[in-house]
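To keep things clear, I will list the structure first and then write my remarks on it.
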């Protein structure tokens, strides 16, 4: 059995699960081998379950086994989440641009800073800051962050009333307080868009 995380993630866990939020990803792997002795496997399995029990409230904690049969009967306990693919390629027409990121960070408000840091590390395209939704040549709503190609918007706390205008146009909309704790859905929306 082995687990993978970063020193920064461990430090953030010491500050509390809620603070660790979306910046912590933990992968737990239980190596199964048909030739191993039953008593050794039982000890590994018990240790694996103890570790998962400790980390189960980390939003991005993924337990896996090399043998699906080993999890039989534990489906509900462990859930069915799948880990996001790191640095998965973005759809055509979207790219990482260092200059655009510098501009986005310069103009964005502090409350979206952790999200921007996460997306930058994942080499996502930079957002427009702010993004103005237009209809018939007029601004009908504003989002703190917007990705027009993907139709993804992040609203600051004072922009929540703009959600409906974006959703009516088919946009995927997040509030800044949602994505501060869990930034992964924004990245997935950008990659799916």
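A few notes on this one:
- Residues 50, 163 arranged by fewest to most Cβ contacts within 10 Å: 50, 163
- Counting neighbouring beta carbons within 10 Å and listing from fewest to most, the residues 171, 101 come out as 101, 171.
- Legend: ranking of residues 123, 142 from fewest to most surrounding C-beta atoms inside 10 Å; resulting order 123, 142.
- Counting all C-alpha pairs of region 98-192, share separated by more than 17 Å (%): 43 percent
Any read-out appearing in this document is the output of simple, stated calculations on the displayed coordinates, not a laboratory observation. All values reported here derive from a predicted model rather than from experimental measurement. Counting neighbours? That spans all protein chains shown, and the Cβs are built from the backbone with ideal geometry, glycine included.
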